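Structure first, then comments.
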Amino acid sequence: MKFILTGGRALEGSMDVSGAKNAVLPIMAAAMLTSDEVVLEDVPDLLDVTTMRRVLETMGARITRTGSALRIQAPTVPSAEAPYDLITKMRASIVIMGPILRRAGYIRIPPPGGCAIGSRPINWHLKGLEALGARISMDHGFLDARAERLRGARIYLDFPSVGATENIMMAAVCAEGTTVLENAAQEPEIVDLANFLNEMGGRIRGAGTNVVQIQGVSSLRGATHSIIPDRIEAGSFILMAAACGGDVLVRNVIPAHLRPLLAKLQEMGVSFCEKDDGIRVWGEGRLRAVDIKTQTHPGFPTDLQAPALALLTRARGTSVITETVFENRFMHVEELRRMGADIRVDGRSAILRGQENLSAATVTASDLRAGAALVLAALTAEGVSEIRNIYHIDRGYEGMEAKLRGLGADIRRVPAAEQPENDIPAPGAAERGNKLCLLPR
Ligand code: UD1
């Protein structure tokens, strides 16, 4: 599928942010820690959620969706064999390691491998699980992790990895004794996972700081939990509104999660204000160039680097954007150049000289956030752009084109003339009777 987008319209109106992809994926995995039913509310309808659902179902969970609520129950000890095709498709599925290891005492899982934005190893996940007592080996391309018992430990992460922090928290929540995790990731999604685990009966303190204490409990029970709003979706729409002018209210946001972005918007001269029900952004003239360096939370999020870069292609002056979290996250630059952007990449930095206008072009999304960057650029460009490989966008943005159309954008989803091997319909397409497979083979 592809988007056909006619740029140059101001965005007007309001939109609602969906539940956070990066919060719901580990929380779905955490539901495997109990035999009771878990109810998750505000679950976005995303391709990645569908993939995680399939992973968990393959391993023995029963899952049903009603509207935005997901019911998950794993009544018996889950299968320890993680499905190769699904795990290698979505790196985030590595977070099932901690919960399955704890529940089944064993997991056999293929390493998730790299992706377009870098090699993305999992050494810190493994280091943490080993410290808790897991024995891990490689066997015919699979990781074998075993632990009859998990014991609390003091673990120092060399880098505050989000996934490693989540995996360790989920393995340690029912370990014997106390785990102290130092240099832990502090992202809001970590806090949401800790809150959920505590609602299940866990004893976790300090989530959201760089030291998390996990006092092991003997078992967890079912719980009902609402997923936090997606700060990256919110940020992407705020950036699109800033790029297009007009007047947009982005609803269902937690402003505290957006501080690093809002600080940069202020430097750029974007007009915005916090309202009771969201953040209002309105456009007034050309923005100022700024320098941005991505960092772990509470620094500027790497997931907003691409859309922020797209916005700055039209700012007045020269911006320098430095990516410190991932090694290869400038794949969108080449595509933005096709639209007339003046960008040079030097190592981990992109140097942008702002242009007054971009021109419409046919471009291809290389990953999820690169896709959002191209949509932003196309919204502002003169003429009709085509954005290809939008299955990347469907991985993490619920109904992006419907939300943009609601704000007055001229955007349509159409089948690509030649369906690329990986191109797949939007989430929910199967339920609507589409005969195509939901997931790439
Ligand atoms: C999560 C988010 C992703 C976000 C990223 C950083 C989910 C599903 N995804 O990804 O959207 O961009 O946090 O905020 O929540 N690393 C290692 N060894 C490890 C683990 C990580 O070298 O064992 C490296 C990675 O290659 C990367 C950096 O550490 O360069 C950050 O990775 P990490 O924080 O683990 O990100 P994810 O959990 O994969």
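The values are calculated or read from the model by the stated rules, or taken from the named source; none is laboratory data. Everything numeric in this text was worked out from a predicted model, so none of it was measured. Neighbour counts run over all protein chains shown; Cβ positions are idealised from the backbone, glycine included. Remember, those area values only see protein heavy atoms, side chains included, never the ligands or the DNA or RNA. Shrake-Rupley method; radii C 1.70, N 1.55, O 1.52, S 1.80 Å.
Side notes on the structure shown:
- Single residue of Pro121, Pro160, Pro110 found to be within 25 Å of the chain's Cα centre (by Cα), open to solvent by less than 10 Å² (accessible area, probe 1.4 Å) and of a type outside the set (A, V, I, L, M): Pro110
- Scanning region 26-52 for residues that are under 16 Å from the mean Cα position of the chain (by Cα) and open to solvent by 10 Å² or more (accessible area, probe 1.4 Å) gives Asp42, Asp45, Thr50.
- Among the numbered conditions (1) part of a helix (DSSP H, G or I); (2) modelled with pLDDT under 95; (3) not charged (D, E, K, R), the only one that Ile393 does not meet is (2).
- In region 369-407, the residues that are in contact with a helix residue (DSSP H, G or I) (Cβ under 6 Å, 6 or more places away or on another chain), open to solvent by 10 Å² or more (accessible area, probe 1.4 Å) and not charged (D, E, K, R): Thr380, His392
- The strands (runs of 3 or more DSSP E) falling completely within region 213-324 that include 1 or more residues that are closer than 29 Å to Gly163 by Cβ and within 16 Å of the ligand (Cβ to nearest atom) map to 318-322.
- Any pair with Cβ under 8 angstrom, 6 or more apart, that starts in region 56-76 at a residue that is among the small types (Gly, Ala, Ser) and ends at one that is in a strand (DSSP E or B): Ala61/Ile72; Ala61/Gln73; Ser68/Gly19; Ser68/Glu41; Ala69/Val39; Ala69/Leu40; Ala69/Glu41; Ala74/Arg62
- Residue match in region 345-366 (condition: open to solvent by 30 Å² or more (accessible area, probe 1.4 Å) and in contact with a Leu (Cβ under 7 Å, 6 or more places away or on another chain)): no
- Tally, over region 58-93, of residues that are open to solvent by 70 Å² or more (accessible area, probe 1.4 Å) and in contact with a strand residue (DSSP E or B) (Cβ under 7 Å, 6 or more places away or on another chain): 4
- Residue within region 361-370 that is under 16 Å from the mean Cα position of the chain (by Cα), of a type in the set (Ser, Thr, Tyr), within 16 Å of the ligand (Cβ to nearest atom) and assigned to a helix (DSSP H, G or I) present: no
- Number of the exception - Arg329 against (1) at pLDDT 95 or above; (2) under 24 Å from the mean Cα position of the chain (by Cα): (1)
- Region 338-357 residues that are more than 15 Å from Ala310 (Cβ to Cβ), paired with ones that are acidic (Asp, Glu) and open to solvent by 60 Å² or more (accessible area, probe 1.4 Å) (beta carbon under 9 Å, 6 or more apart): Arg348/Glu327
- Residue match in region 226-237 (condition: without any contact (Cβ under 8 Å) to a residue 12 or more places away in the chain and either open to solvent by 20 Å² or more (accessible area, probe 1.4 Å) or among the aromatic types (Phe, Trp, Tyr) (or both)): no
- Residue count for region 325-339, restricted to those that are within 18 Å of His392 (Cβ to Cβ) and outside any loop (DSSP other than H, G, I, E, B): 7.
- Check on Gly347, within 16 Å of the ligand (Cβ to nearest atom) and more than 24 Å from the chain's Cα centre (by Cα): yes
- When region 1-25 is limited to residues that are within 14 Å of the ligand (Cβ to nearest atom) and not in a helix (DSSP H, G or I), the one that is farthest from the chain's Cα centre (by Cα) turns out to be Gly19.
- Flag for Gly222 being open to solvent by less than 30 Å² (accessible area, probe 1.4 Å), at pLDDT below 95 and farther than 30 Å from Arg348 by Cα: no
- When region 268-307 is filtered for residues that are surrounded by 17 or more Cβ atoms within 10 Å (Cβ to Cβ) and under 13 Å from Ala234 (Cβ atoms), the ones remaining, listed by number, are Phe272, Gly278, Ile279, Arg280, Val281, Pro301, Asp303, Leu304, Pro307.
- Close pairs (7 angstrom Cβ cut-off, 6 or more residues apart or separate chains): over 17 Å from Ile100 (Cα atoms) in region 144-160, open to solvent by 70 Å² or more (accessible area, probe 1.4 Å) and aromatic (Phe, Trp, Tyr) anywhere: Leu157/Trp124; Asp158/Trp124; Phe159/Trp124
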